[in-house]
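Here is the structure we will look at.
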Amino acid sequence: MEQARRLRELIADLPTPSVLIHSGGGFYPLWMFEHPVFITDANRAEVKARAQDWQNMIKVSADRLGWHYGSGVGDLARVLRLPGSVNRKV
């Protein structure tokens with residue numbers, strides 16, 4: 001599949017994803033942490049910075065390939081959560 005090949009090309013410089021999901025509308029690589037990360041007021045800035053760093057790495061790869069990578073996709077509200085957890089917009 002062309003879409004899967006292009007995704008693999010985009011993330012080639014990143015660690016191998018833990019799982020690759022094909023939703024029917026696209027492919028979603030997921031990297032799972034060894035341990036859960038609980039976001040608190042004390043670590044929110046650090047977690048936000050790490051999420052932004054990850055998005056920046058993907059954008060660099062997209063730029064290298066001449067692809068457009070949308071901005072604003074790495075904010076913490078878009079980070080996938082465990083099923084049953086709650087996104088409390090503070």
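Not counting ligands, DNA or RNA, and with a 1.4 Å probe, what is Phe27's accessible surface area in Å² rounded to the nearest 10?
Surface open to solvent at Phe27 totals about 40 Å².
Please calculate the 1.4 Å probe accessible area of Glu9, with all protein chains present, and give it to the nearest 10 Å².
About 70 Å², ignoring ligands and nucleic acids.
Given the DSSP H assignment, sum -39500 (n - 2.57) over each helix run of at least 4 residues in the chain and divide by its residue total; what's the result at 222 nm in deg cm²/dmol, nearest 500? Mind showing how you got there, number by number?
Values: 2 runs with 31 residues, N = 90.
So the calculated ellipticity at 222 nm is -11500 deg cm²/dmol.
Per-residue HN-Hα couplings for segment 10-21, Karplus 6.51 cos²θ - 1.76 cosθ + 1.60 at θ = phi - 60°, whole Hz, x for Gly and Pro?
5, 9, 4, 8, 9, x, 4, x, 5, 8, 10, 9
Quick check for you: with a 1.4 Å probe and neighbouring chains kept, what is the accessible area per residue of the chain, in Å²? Present the calculation step by step, with values, prior to reporting the outcome.
Numbers: 7300 Å² over 90 residues.
With the other protein chains kept in place, the chain gives 81 Å² per residue.
Keeping the other protein chains in place, figure out the carbon and sulfur percent of the accessible area of the chain, with a 1.4 Å probe.
Details: 4210 of 7300 Å².
After summing per-atom areas, the C and S share lands at 58 percent.
The values are calculated or read from the model by the stated rules, or taken from the named source; none is laboratory data. What you see is a predicted model, and the numbers here were worked out from it, not measured in a lab. Accessible surface areas use protein heavy atoms only, side chains included; no ligands, DNA or RNA. Shrake-Rupley method; radii C 1.70, N 1.55, O 1.52, S 1.80 Å.
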